[in-house]
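One structure is given below, encoded as structure tokens.
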Amino acid sequence: MNKVGLLYICTGKYEIFWESFYNSSEKFLLPNCQKMYFVFSDAKRIYNEDNDTVRKVSQKNLGWPRNTLMRFNMFRKIEEELKEYDYLFFFNANMLLVDIVYEEEILPKKEGLMAVIHPGFYNKKENAFSYDRNPNSQAYIPYGQGKYYFMGGLNGGRSHDYLKLIKTLDGRIKKDLANGVTAIWHDESHLNKYLLGKTIKILNPSYGYPEGWNLPFTPKIIIRDKKKWGGHAFLRHN
């Protein structure tokens, strides 16, 4: 049985999503795997914290955009623990599983890494992708390169491969910050640069289906509409 570590950040008001994400994951995600939840939060307590499969990692609320930009740095705090798992996956706080996701669908057993095509760009050409076009950024991708645009809200892989991704992107983001540069779409921009040209397991937007959208895919994992939860401004306010 594969051991899978799930990385989840819910600092500040984003903690409101955790209970429903957890319950949907327990119901639908990788039913034949052993799952462990690593929840990065500044909440005093989180739902089901005393469960043996939930590990709360104390994490200060860094505010916007650092709560997203610095996620790889957060993960590195428990790097040694994460090495014990066969696979690691990151899920955005407002993700919700609505159908069973089996191992063969999501585990990149041959490729090493997995990413999901961004639902807003699945039918777009490369020149329409919102890659970071700033040559001063470590996330820079020039026009004429790239075949897919991946969403930042769900990605993962075999632990060795994903920990390499985490370490590399943490270093690149720190270098950008030292030079006064912030990638246009933060961690998502750096993720797309890292995956450029690599052989990875690619999932379609069924695994990142925005709530209320009309796409030619059957939702398995939805992205909940933050407007129903107070909106971005409310959720990001300390």
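Quick note: the coordinates plus some simple rules give every number you see, no bench work behind them. Fair warning: this is a prediction, and the values are worked out from it, not measured in the lab. Cβ coordinates were reconstructed from backbone atoms using ideal geometry, including for glycine residues, and neighbour counts include every protein chain displayed.
For the chain, the Kirkwood hydrodynamic radius comes to 18.1 Å, computed from all pairs of different C-alpha atoms.
Report summary: the helix-based calculation at 222 nm, which adds -39500 (n - 2.57) for every DSSP H run with n ≥ 4 and divides by the residues of the chain, gives -7500 deg cm²/dmol. Under a 5 Å amide H cut-off, with hydrogens placed 1.01 Å from N, residue 155 pairs with 90 among residues at least 5 apart or on other chains.
At q = 0.32 Å⁻¹, what is the base-10 log of I(q)/I(0) for the stretch 18-70 according to the Debye formula with one equal point scatterer per Cα and no solvent? Please give it to two decimals. Once normalised to I(0) and log-transformed, intensities are -1.26. Shape class for the stretch 1-121: rounded, because the ratio a/c of the largest to smallest gyration tensor axis (alpha-carbon atoms, square roots of eigenvalues) is under 1.5. Once the C-beta distance of residue 99 and residue 44 is scaled by a Förster radius of 41 Å, the resulting FRET efficiency is 0.80 to the nearest 0.05.
Taking 0.36 nm per residue of separation and subtracting the Cα-Cα distance, full extension of the segment from residue 126 to residue 86 would add 11.1 nm.
Taking 19 Å as the straight-line reach from the Cα of residue 124, the lysines in range (excluding those fewer than 8 positions away in the same chain) are 147, 193. Think of the stretch 3-236 as a dipole: +1 on every Lys or Arg Cβ, -1 on every Asp or Glu Cβ, centred on the Cα centre; then among 163, 182, 214, 182 lies furthest on the positive end.
Other residues within the sphere of radius under 13 Å centred on the Cβ of residue 108, judged by their own Cβ, net out at -1 (K and R +1, D and E -1).
Listed values for the stretch 122-127 are Karplus-derived 3J(HN,Hα) couplings in whole Hz (6.51 cos²θ - 1.76 cosθ + 1.60, θ = phi - 60°), namely 5, 10, 9, 7, 4, 5, and x replaces Gly and Pro.
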